[in-house]
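The values are calculated or read from the model by the stated rules, or taken from the named source; none is laboratory data. What you are looking at is a predicted structure, and each value in this text was computed from that prediction instead of being measured. Neighbour counts run over all protein chains shown; Cβ positions are idealised from the backbone, glycine included.
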Amino acid sequence: MGSITLEHVNKSFGEVEIIPDISLEIEDGEFVVFVGPSGCGKSTLLRLIAGLEDTTSGHIKLDGEDVTGAPPARRGLAMVFQSYALYPHMSVRDNIAFPLKMAKMPQAEIDKKVEYAARTLNLGSYLDRRPRALSGGQRQRVAIGRAIVREPKAFLFDEPLSNLDAALRVNMRLEITELHQQLKTTMIYVTHDQVEAMTMADRIVVLNAGNVEQFGSPLELYKRPANRFVAGFIGSPKMNFVDGPEAEKHNAHSIGVRPEHFTLSTTAGAGQWAGTVNVAEQLGSDTFLHVEVEGLGLMTVRTDGEQTFRHGDKVYLTPDANRIYRFDAAGLALQD
Amino acid sequence: MARNASVQTKVGFTVLAWTVALLLFSPILWTIVTAFKTEAEAIATPPTFLPLTFTLDNFGDVQDRSDYIKHAWNSILVSVGSTLLGLVIAIPAAWSMAFAPTKRTKDILMWMLSTKMMPAVGVLIPIYLIFRDLRLLDTVHGLTIIMTLINLPIIIWMLYTYFKEIPVDILEAARMDGAELWNEIVHVLVPMAIPGIASTLLLNVILAWNEAFWTITLTSGRAGTLTAFISSFSSPQGLFLAKLSAASLLAIAPILLLGWFSQKQLVRGLTFGAVK
Ligand SMILES: Nc1ncnc2c1ncn2[C@@H]1O[C@H](COP(=O)(O)OP(=O)(O)OP(=O)(O)O)[C@@H](O)[C@H]1O
Ligand SMILES: [Mg+2]
């Protein structure tokens, strides 16, 4: 079991309030991602749950039991750090065995569990090496192995993949998702990469300046962002925003259109907005056009990779009428 | 280019370096040589360099008169004992300063260091009176306690510097893995800080071994260490240079050997933070 409840959690470092007031309910077995810009308090929130930081006020509950004052060792959670944080003076085997040793498990049982974890994570041939003799990806696997052997109530990941190269990152992303499907244990995963958030999460917590902007499934956030911040943060490339008279036509303070929600034409007049291609980023499968739209500014448009565009090409854009997001003056989403 | 310095310059610097080194070493060399002379030859004018009559009698006399073995044993007990006791106190102290600092941590460190700037005689009277009233005068355990207290600031400072180099993530990982404070220190912090702890230990054994002020003032016969042993030979009953030299040689030999064998470790430990 591993449900996690935060009740009015507040955290200040000295005079500086980092997390004003957060309440969250994370259900047993969920994969929850904390996402948000750098410095918004993702790691701090995770560390509060871990017990590595003390809450200034508020309560944290695990399976309904209040653990607010409990030290990390008593919470039964496992954490995977960005820096891997392996014990450099121990072999891979001893690293993975360490939490079991702390739990005073009999040696025979420890050996069995270490072997099993090593097999699951393909670490068999490294078991007697020191961490310093491993590559980044292997180290991360050891860190995950060390986390899973103990069968914790929940896993906490703090940007575990950000030190890996792009290809390995995609691989490990899949492995962690598979691991979750296999173990069905609650996982909380911190990242500032919204692709990781969208692809891995059951539900995403979008944080901004220590506040929860929205908590929902990836598609919910994509389709019904609660406000301009979430709308701009979720989705890649970013949503385009338009203020002023063009927004007023839609009875809104500002409107947003995602790059993938445009119809594009090169025929003069065959579109609502006229513009000039500034930069065309050709990825093969897609092309991202950065279009200078007359009177509205720079917009990103996504189109298939079939047609080639050049700097200075004239294009005509029509936003998909059903997929225009409307926001009020405070940035909150307006419902239709 | 500086690297292609002419042969003359190289020779010049080599000679200079050797001269300085020999000058610095000459008193010790003189002591070593004198220890093997007869008393008469030791004060002969003009002095001889190498002993004309090589003798080991001085060492026997010294042992007979002042019991070298007993003093050496006291020195070992006090220097090793005070260092180990110091480490037991300093490891948790340095842990808290390095990994759970508060606003005042830097001030406390400075304050501890400032106690080393005070001349020892400044607290001679109070310490002496306390020792007298607690019946600690001329006891090995009393001396061990005072030596621990004297070196504690240095032990804490050194350990603090080493601990600062250890990534706090790794200690946090241990906490997440279910390690209580004791296990975190014993299984993770200490093994990772072994080079630093070893250097601290060596340096403090050496400092405690060589400490003369408190060992001489707080002991008389029973608990005297080797520094007290040497000083007993420079008493006004008559200056026996050869015996004094033999005593000094006996007193410094163990620590010189320790320093010699551990110099790699010492240098590595003392430059630990600088090189990383
Ligand atoms: N121990 C601390 N003392 C004081 N301020 C801190 C401390 N730890 C974090 N902060 C501050 O709290 C804020 C949030 O930090 P946190 O590490 O949680 O951000 P983050 O969302 O994880 O960012 P990133 O994506 O860069 O990792 C930052 O402004 C940071 O400077
Ligand atoms: Mg962070």
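Side notes on the structure shown:
- Residue identified as assigned to a strand (DSSP E or B) and modelled with pLDDT under 95 among A:T267, A:T287: A:T287
- Filtering the stretch B:223-243 to residues that are assigned to a helix (DSSP H, G or I), at pLDDT below 80 and of a type in the set (S, T, N, Q) leaves only B:S234.
- Which numbered condition A:I49 misses (of (1) out of contact with any Pro (no Cβ under 8 Å at 6 or more places or on another chain); (2) within 14 Å of chain B (Cβ to nearest Cβ); (3) under 13 Å from A:K153 (Cβ atoms); (4) away from ligand 2 (no atom under 16 Å from the Cβ)): (4)
- Matching entry among A:V9, A:V35, A:V67 (being modelled with pLDDT of 95 or more and within 16 Å of ligand 2 (Cβ to nearest atom)): A:V35
- Of all residues in the stretch A:71-78, one or more are within 21 Å of the chain's Cα centre (by Cα), crowded, with 18+ Cβ neighbours inside 10 Å, in contact (Cβ under 8 Å) with a residue 40 or more places away in the chain and more than 16 Å from ligand 2 (Cβ to nearest atom).
- Considering (1) within 26 Å of B:G178 (Cα to Cα); (2) within 16 Å of ligand 2 (Cβ to nearest atom), the lone condition that A:A154 does not fulfil carries the number (2).
- Scanning the stretch A:273-324 for residues that are touching a Pro at 6+ places or on another chain (Cβ under 7 Å) and not basic (K, R) yields A:F288, A:T300, A:V301.
- Helices (runs of 4 or more DSSP H) enclosed by the stretch B:45-163 - at least 1 residues per element that are surrounded by 13 or more Cβ atoms within 10 Å (Cβ to Cβ) and on the phi > 0 side of the Ramachandran plot: none
- Scanning the stretch A:181-196 for residues that are closer than 23 Å to A:D21 by Cα and within 16 Å of ligand 1 (Cβ to nearest atom) gives A:I188, A:Y189, A:V190, A:T191, A:H192.
- Of B:D61, B:D57, B:D67, all but one fail to be acidic (D, E) and in contact with a helix residue (DSSP H, G or I) (Cβ under 7 Å, 6 or more places away or on another chain); the exception is B:D61.
- Considering the stretch B:180-222, and only residues there that are within 15 Å of the chain's Cα centre (by Cα) and in a loop (DSSP other than H, G, I, E, B), the residue that is nearest to the other protein chains (Cβ to nearest Cβ) turns out to be B:E211.
- Being more than 16 Å from ligand 2 (Cβ to nearest atom), closer than 26 Å to A:T186 by Cβ and in contact with a helix residue (DSSP H, G or I) (Cβ under 9 Å, 6 or more places away or on another chain) is a property that A:E220 lacks.
- Exactly one residue out of A:R119, A:R93 is more than 14 Å from every other protein chain (Cβ to nearest Cβ), crowded, with 17+ Cβ neighbours inside 10 Å and more than 16 Å from ligand 1 (Cβ to nearest atom), and it is A:R93.
- Some residue of the stretch B:211-220 being touching a residue at least 24 places away in the same chain (Cβ under 8 Å) and more than 23 Å from B:P126 (Cβ to Cβ): no
- For the stretch A:83-92, the count of residues that are closer than 25 Å to A:A201 by Cβ, out of contact with any Lys or Arg (no Cβ under 7 Å at 6 or more places or on another chain) and either within 16 Å of ligand 2 (Cβ to nearest atom) or outside any loop (DSSP other than H, G, I, E, B) (or both) is at least one.
- Members of the stretch A:227-252 found to be touching an Asp or Glu at 6+ places or on another chain (Cβ under 9 Å) and either modelled with pLDDT of 95 or more or of a type in the set (S, T, Y) (or both), listed by number: A:N227, A:F229, A:V230
- Number of residues in the stretch A:156-200 that are in contact with a helix residue (DSSP H, G or I) (Cβ under 6 Å, 6 or more places away or on another chain) and of a type in the set (A, V, I, L, M, F, W, C) equals 8.
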